[in-house]
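Visitor: After the structure tokens below, expect a handful of questions from me.
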């Protein structure tokens, strides 16, 4: 959104870029900025904020290069193995960092869960995957990046509104030098886009503003708000490891439903069945999962490898970043943090 539009690695790349985009724009950058400024002004942004957020603004051609380098929908039917990805992303350092954050927040963990119904370890795992607990938040000038992406035009409607929304956030008193993040415009510990910030960011520490760059409380409360808004079901795990019988009829559980979003992600999940029905087929959860919970079967690396039953809460993690690799690593990291 977050990470749907960036990676931490891309966020750490240099700001510089000297070559103009290959496709000429209909308007010069300066002329297009006048249109954006007029839109921001019409949506109530103050003249003071407009001035400081557009001072010396020039297009960042490196941002355009990074945007055009994003992979499209794969055409191959194969998928990279999950296990190596998990080994890299749920490593000892990230687990230790998550446990340390859990200790540091103390009673806040229970307070957040009581208010939003989302376990703290899930929120911390998101933070860990997005920015390594705040150590890699990106250093791109957000105003410059979003204005460049809007001017370039490939996703103009999206980025034009994100730029205006960024200025609305700046109007709350955040200085421009604070408002840095990824090349694609996501920022702060949870890597929210400006529109997501305006809708869901929370002042968790009670200081009058939602500072998701520096405040642990604001970061975790905001992620929890996002998850509740996306439909997190209190008291239900994201998924559980299962044992699988050798004679499981895999053809009978293939889902034929085509998801309107991220179809390549969802096509890897089975049809939905109750846990009771999965047990009857010999698929046995290795930790508690109520019999009436609906779940899908997922064995990403094929027969004979690790398998899980995934609940509706797994789909909520996918709302944050629509990737099975991401969602599985978040869930498994959260499980390790909780231990």
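The values are calculated or read from the model by the stated rules, or taken from the named source; none is laboratory data. Note that this is a predicted model, so its numbers are computed, not measured. Virtual Cβ from ideal backbone geometry, glycine too; neighbours counted across all protein chains shown.
Visitor: For residues in the range 171-192 being assigned to a strand (DSSP E or B) and in contact with a strand residue (DSSP E or B) (Cβ under 7 Å, 6 or more places away or on another chain), which is farthest from residue 142 (Cα to Cα)?
Guide: Residue satisfying both the conditions and the ranking: 187.
Visitor: If you don't mind, there's one more thing I want to ask. Being touching a helix residue (DSSP H, G or I) at 6+ places or on another chain (Cβ under 7 Å), over 29 Å from residue 262 (Cα atoms) and either surrounded by 14 or more Cβ atoms within 10 Å (Cβ to Cβ) or not assigned by TED's automatic domain parsing to the domain that holds residue 170 (or both) is the requirement here; does residue 138 meet it?
Guide: No, not satisfied.
Visitor: How about the range 193-209: which of its residues are in contact (Cβ under 8 Å) with a residue 40 or more places away in the chain and either touching a strand residue (DSSP E or B) at 6+ places or on another chain (Cβ under 9 Å) or farther than 21 Å from residue 319 by Cα (or both)? Break it down into steps so the answer makes sense when it comes.
Guide: Residues of the range 193-209 in contact (Cβ under 8 Å) with a residue 40 or more places away in the chain: 193-194, 196, 204.
Matches in the range 193-209: 193, 194, 204.
Visitor: May I ask you to list the residues in the range 30-42 that are touching a residue at least 24 places away in the same chain (Cβ under 8 Å) and either under 13 Å from residue 156 (Cα atoms) or surrounded by fewer than 12 Cβ atoms within 10 Å (Cβ to Cβ) (or both)?
Guide: Result: 32, 33, 36.
Visitor: In this structure, is residue 220 crowded, with 24+ Cβ neighbours inside 10 Å and assigned to a helix (DSSP H, G or I)?
Guide: yes
Visitor: Keeping to the range 213-222, report how many residues are within 15 Å of residue 199 (Cα to Cα) and in contact with a strand residue (DSSP E or B) (Cβ under 9 Å, 6 or more places away or on another chain).
Guide: Qualifying residue count for the region: 1.
Visitor: Let me ask something else. Taking residue 168 as the residue in question, decide whether it is in a helix (DSSP H, G or I) and either surrounded by fewer than 24 Cβ atoms within 10 Å (Cβ to Cβ) or in contact with a helix residue (DSSP H, G or I) (Cβ under 8 Å, 6 or more places away or on another chain) (or both).
Guide: yes
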